[in-house]
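Down below is the structure, laid out as structure tokens.
The values are calculated or read from the model by the stated rules, or taken from the named source; none is laboratory data. None of these values were measured; they are calculated from a predicted model. Glycine gets a Cβ as well: all are built from the backbone with ideal geometry, and neighbour counts include every protein chain shown. Surface accessibility is based on the protein's heavy atoms, side chains included, excluding ligands, DNA and RNA. Shrake-Rupley method; radii C 1.70, N 1.55, O 1.52, S 1.80 Å.
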Amino acid sequence: MNIELISAIIHALDPAIDAPVFSQTILPPSQDVLQYLAGHAAKAFASEDAKMCTLQEDSPIRPMLHQLEPAFADQTAAIAQQWFEVMQQNPSIPAADLVFLLLAIDGKEYLAALKMNYKSGWLHKAGEQEGMYLNEPVRCAAILPGASGKADESFFVSMDGSEVRLSEKKYEIDGRRQTYLGSRIVGCRVGMSPREKLSVIRQAASEVNQQFYGNTGIDEPELAKAVCEEFYTARDEERSRPGKPEPVPVQAISDKLYGDMPHAREAFEKALEEHEISMQEPLPMSAPAVRRLEKQSLRSGAGVEIKVPVSVYRDENAVEFIRNADGTTSLLIKNILM
């Protein structure tokens, strides 16, 4: 991922005081600050929890996109003011610094906002007491996340309005836990995150397996193996030729799992359509998610846990699953090196 920061500005939102504290000018260029903000932007943009959304026609952000750069401070302050009012009405939403960014990601420009909730921590303070030099720790209630942390909520809106990535949390709002960022601030129709989409795909495969094959057909490790294989195939393609390859569609998983089982394939695709997932949508794959899928955890009733790589799950020379008469399954592990 190639990120170029064009402009950045920070507005402070603390409902404990009467009004937001707006910056009136953009941040001056600083290598350390740019690296810090770019790192947080990259993590938020690529997050498994970032939902792909559709900007609504009446979104308050849509008209800003055409005149954003010459009035960046004023336009972002208007968004921050609306955000602050929602926070005042709902005290469960934590105080934070809002970092607004105008940036290019892989050549495409976005308006982004990172909500950096305040953390409580300790700072070093040097001073004098009764004429003597003193170093002491001082508690601070408004520390930003470190470089290894992440923004608590965020949105990325492409400058042409065609793409929205949204990471939001649920808070106590109007008497129940719910999200607010997409509906009350950005004005978008919220879609699924990669994590949610992959969960739906896994559930659909499990249901199809039970419907058509009971315990003898496609199971969780088989799906995990298919996802891993498609991920590494796409990554190898990206490395072998210049340019960004086309994203792997969900259809690739359907073909790999049910290529010679037309009835199961039809049921699988129908199950996904009910969740508004089309076969041509990009497959939700990220390196961390794939690493978690590469090894499947098996647990016995006694609490013993074994992790089996999906690459050998169907290799009878490595492991063997034995169906017991009582409905349980025993695992025989072969070729153990002591």
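So, in region 1-127, how many Lys pairs have Cα atoms under 20 Å apart, if the pair is 8 or more places apart or on different chains? Could the numbers behind the result be given before it?
Numbers: Lys43/Lys51; Lys43/Lys108; Lys43/Lys115; Lys43/Lys119; Lys51/Lys108; Lys51/Lys115.
Number of lysine pairs found: 6.
Of the GluC sites (Glu not before Pro) found in region 1-82, those that fall in a DSSP loop while having at most 14 other beta-carbon atoms within 10 Å are Glu57. By the rule of a second cysteine Cβ within less than 4.7 angstrom, the chain holds isolated cysteines at Cys140, Cys228. Atom-type composition of the exposed protein surface of the chain places 50 percent of the accessible area on carbon and sulfur (1.4 angstrom probe). Taking all protein chains together and rolling a 1.4 Å probe, Val138 ends up with roughly 50 Å² accessible. Among the helices of the chain, those built from whole DSSP H runs whose Cα atoms reach 18 Å or more along their own axis and whose mean Kyte-Doolittle hydropathy is at least 0.0 are 31-45. Each of (i) 1.00; (ii) 1.16; (iii) 1.06 is a candidate for Rg/Rh (Cα atoms, Kirkwood Rh); the one calculated from this structure is (iii). Using 0.36 nm per residue and subtracting the Cα-Cα separation, the extra length available between Arg291 and Glu274 on full extension is 3.3 nm. Annotation: Ser92 carries an accessible surface of approximately 50 Å², with a 1.4 Å probe and no ligand, DNA or RNA atoms counted.
Among Leu101, Leu27, Leu114, the residue with the largest mean-square fluctuation in a Gaussian network model of the chain, with springs joining Cα atoms closer than 10 Å, is Leu27. Residue separation of Asp74 and Ala325 scaled by 0.36 nm, minus their Cα-Cα distance, works out to 83.2 nm of gained length. Spin-label pair His66-Ser148: with each label point 7 Å from Cα along the Cα-Cβ axis, the two points sit 4.7 nm from one another. Of the candidates Pro60, Pro137, Pro288, which one comes out as most mobile in a Gaussian network treatment of the chain with C-alpha springs shorter than 10 Å? Maximum fluctuation in the GNM of the chain, among the listed residues, is at Pro137. Accessible surface area normalised per residue over the chain is 57 Å², counting heavy atoms of protein chains with a 1.4 Å rolling probe. Evaluating 6.51 cos²θ - 1.76 cosθ + 1.60 at θ = phi - 60° for every residue in region 106-121, the Karplus couplings come out as 6, x, 9, 8, 9, 9, 10, 9, 10, 8, 9, 4, 6, 10, 8, x Hz, glycine and proline recorded as x.
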